[in-house]
1. Could you list all residues from segment 4-23 that are open to solvent by less than 50 Å² (accessible area, probe 1.4 Å), of a type outside the set (Gly, Ala, Ser) and assigned to a loop (DSSP other than H, G, I, E, B)?
2. Cβ-Cβ under 6 Å, sequence separation 6+ or interchain: first residue in segment 115-140 and under 20 Å from ASP155 (Cβ atoms) and assigned to a loop (DSSP other than H, G, I, E, B), partner open to solvent by 20 Å² or more (accessible area, probe 1.4 Å) and not charged (D, E, K, R). Which pairs?
3. Test ALA44 against the stated conditions and say whether it is part of a helix (DSSP H, G or I) and touching a residue at least 24 places away in the same chain (Cβ under 8 Å).
4. Every residue in segment 29-42 that is over 17 Å from LYS211 (Cα atoms) and open to solvent by 30 Å² or more (accessible area, probe 1.4 Å), please.
5. Taking segment 168-183 on its own, how many of its residues are open to solvent by less than 10 Å² (accessible area, probe 1.4 Å) and out of contact with any Ser or Thr (no Cβ under 9 Å at 6 or more places or on another chain)?
6. So LYS109 ticks every box in (1) closer than 17 Å to VAL18 by Cβ; (2) in contact with a helix residue (DSSP H, G or I) (Cβ under 7 Å, 6 or more places away or on another chain); (3) among the basic types (Lys, Arg) but one. Which box is left unticked?
7. Does ARG204 fit the bill of being modelled with pLDDT of 95 or more, under 16 Å from the mean Cα position of the chain (by Cα) and either farther than 24 Å from THR72 by Cβ or not small (Gly, Ala, Ser) (or both)?
8. Applying the selection to segment 141-167, what residues are touching a residue at least 40 places away in the same chain (Cβ under 8 Å), in contact with a helix residue (DSSP H, G or I) (Cβ under 9 Å, 6 or more places away or on another chain) and crowded, with 22+ Cβ neighbours inside 10 Å?
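The values are calculated or read from the model by the stated rules, or taken from the named source; none is laboratory data. What you are looking at is a predicted structure, and each value in this text was computed from that prediction instead of being measured. In this analysis, Cβ positions are derived from the backbone assuming ideal geometry, glycine residues included, and neighbour counts consider all displayed protein chains. Surface accessibility is based on the protein's heavy atoms, side chains included, excluding ligands, DNA and RNA. Shrake-Rupley method; radii C 1.70, N 1.55, O 1.52, S 1.80 Å.
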Amino acid sequence: MSCFSVAEKFVSINGEGVKAGELAVFLRFCGCNLNCSFCDTRWANAADLQGEQLTTAQLVDYVKSTGVKNVTLTGGEPLLQANISELIDELIRYGFEVEIETNGSIPLKDFSSLPNRPSFTMDYKLAGSGMEMFMCVDNFAYLSSDDTIKFVVGDIADLNRAAEIICTYDLTAHCHVYFSPVFGRIKPDTIVDFMKANKLNDVRLQLQLHKYIWDPNERGV
């Protein structure tokens, strides 16, 4: 049975996405292949972080014990975990609604064809992150109406680039599309003004609820 490096596990509300405000079980895995300028979970990506080593069965038992149906696999980058598809399959087989938060650099083709398919919330890292060159645009072809693409924007240049990508790939016709401000770097009303000026129908502004309810640096929320 597979074993995973888990940075933390907890129950809270979804802070963003289509299930924002709903209870969810969060399984945060260690390690990431990117180093975004605005990363707010850098501690979970540290090379020397061992994390808690837990098997598929132990994680499923933990999720069962919470009584919460939504499960978010996050990181770091959860799709870097070897045999993560085994955990996804087990959770969905037990009736849990599984969401994968992924950074946009990992090919989704094989994961999207799993017999028990999770939903994906995929970032597209813009220039402000310093990581746009690692984005896997082929992933757009595997997103469906159950999935979300998230653009974390820090300035007008990021907004312009995001609008270009949305138009080029007709993303709003295939999946949910969100703008999310880099916390403390751009005002939400600036994003709203941009959406109005560019008539961005079917694009949503989201704020990270957990950063407004708790201290922005607090873990386990």
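1. Across segment 4-23, the qualifying residues are ASN14, GLU16.
2. Correct list of pairs: LYS125/MET131; LYS125/MET135; GLY130/SER37.
3. Here the answer is yes, as ALA44 does meet what is asked.
4. Result: CYS32, ASN33, ASN35, SER37.
5. Residues in segment 168-183 being open to solvent by less than 10 Å² (accessible area, probe 1.4 Å) and out of contact with any Ser or Thr (no Cβ under 9 Å at 6 or more places or on another chain): 3 in total.
6. Condition not satisfied by LYS109: (1).
7. So ARG204 fits the description; yes.
8. Result: VAL152, single match.
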